[in-house]
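The values are calculated or read from the model by the stated rules, or taken from the named source; none is laboratory data. Keep in mind it's a predicted model, so treat the numbers as computed, not measured. Ideal geometry is used to build each Cβ from the backbone, glycine not excepted, and the neighbour counts take in all protein chains shown.
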Amino acid sequence: DIVMTQSPDSLAVSLGERATINCKSSQSVLYSSNNKNYLTWYQQKPGQPPKLLIYWASTRDSGVPDRFSGSGSGTDFTLTISSLQADDVAVYYCQQYYSVPITFGQGTRLEIK
Amino acid sequence: EVQLVESGGGLVQPGGSLRLSCAASGFTFSSYWMHWVRQAPGKGLVWVSRINGDGTVTNYADSVKGRFTISRDNAKNTLYLQINSLRAEDTAVYYCARDMYTSGGDWFDPWGQGTLVIVSS
């Protein structure tokens, strides 16, 4: 199984400042035949299902604000929020869909400082 | 509009059984891989199971293998999860989710709102 480890577990950032969340996979999720990283980021607010933010590690989903960006390749990935807004308070999860069982990181709780 | 609506959750005693349903609309249900993901109260997301479009291929997390059965009725546009021998640790919100594309092996979008299963005596 591919283990996904996020850091930190929680993060407090001031409004307008940058927030960075890391995700590390226990093995590469880069598929060599298409050079794509099978890594997704979701945002989850209380009482709601997860919302897709980023797929293929760095492609923003339609309608997602451009302050959200994803980067990384292979085993190390980062979700960056360039200028934190109050609406960004949530738990963020990375997920690998490279192989079954599909696995998620443990989540990172993002709060306002 | 693409929509997934779960139902069937509730309070059940340890050792009991439950069948969860996920009604799909707004897309060609039979063309997509479908998934169940659960989330225990205050905890993270855990993938449970998936099934291909015609129901011939299924996969399970090791933690539920032998107790959970995923199935689908494409005529009814409905996904199911049969849960047997329920344990306290099965208490969770259960989400159904669709693979993004019909080819499978993709991220999940959309997700349903979830149905809560509570296992308690």
Quiz prompt | Output for the stretch B:94-110, where each listed residue is touching a residue at least 24 places away in the same chain (Cβ under 8 Å), within 9 Å of chain A (Cβ to nearest Cβ), surrounded by 22 or more Cβ atoms within 10 Å (Cβ to Cβ) and of a type outside the set (Gly, Ala, Ser) | solution = B:Tyr95, B:Phe108
Exercise. Would you mind listing the strands (runs of 3 or more DSSP E) fully within the stretch A:67-113 where at least 3 residues are modelled with pLDDT of 95 or more and at the interface with chain B (Cβ under 9 Å from one of its Cβ atoms)?
Key: A:90-96
Quiz item: Is the stretch A:31-51 home to any residue that is more than 11 Å from chain B (Cβ to nearest Cβ), of a type in the set (Phe, Trp, Tyr) and assigned to a strand (DSSP E or B)?
Solution: no
Exercise. Specify which of the listed residues (B:Val5, B:Val48) is surrounded by fewer than 21 Cβ atoms within 10 Å (Cβ to Cβ), among the β-branched types (Val, Ile, Thr), closer than 29 Å to A:Ala90 by Cα and within 14 Å of chain A (Cβ to nearest Cβ).
Key: B:Val5
Exercise. Could you look through the stretch A:52-66, keep only residues that are of a type in the set (D, E, K, R) and closer than 30 Å to B:Ala92 by Cβ, and pick out the one that is farthest from the other protein chains (Cβ to nearest Cβ)?
Key: A:Arg60
Quiz prompt | The lone exception for B:Leu116 - which of (1) more than 14 Å from chain A (Cβ to nearest Cβ); (2) more than 24 Å from A:Thr40 (Cα to Cα); (3) surrounded by 14 or more Cβ atoms within 10 Å (Cβ to Cβ) it fails | solution = (1)
Quiz item: Restricting attention to the stretch B:28-40, does a residue exist that is touching a strand residue (DSSP E or B) at 6+ places or on another chain (Cβ under 7 Å), polar (S, T, N, Q) and within 10 Å of chain A (Cβ to nearest Cβ)?
Solution: yes
Quiz item: If a residue has to be more than 13 Å from B:Leu18 (Cα to Cα) and either among the small types (Gly, Ala, Ser) or surrounded by 12 or more Cβ atoms within 10 Å (Cβ to Cβ) (or both) to count, how many in the stretch B:51-91 make the cut?
Solution: 21
Practice problem: Please go through the stretch A:81-100 and pick out each residue that is touching a Ser or Thr at 6+ places or on another chain (Cβ under 9 Å) and surrounded by 15 or more Cβ atoms within 10 Å (Cβ to Cβ). | Solution: A:Ile81, A:Leu84, A:Val91, A:Tyr92, A:Tyr93, A:Cys94, A:Gln95, A:Gln96, A:Tyr97, A:Tyr98
Exercise. Please find, within the stretch B:1-49, the residue that is farthest from B:Glu89 (Cα to Cα) out of those that are in a strand (DSSP E or B) and of a type in the set (Val, Ile, Thr).
Key: B:Val5
Quiz prompt | the stretch B:51-73 - residue that is hydroxyl-bearing (Ser, Thr, Tyr) and assigned to a loop (DSSP other than H, G, I, E, B) and, of those, farthest from the other protein chains (Cβ to nearest Cβ) | solution = B:Thr56
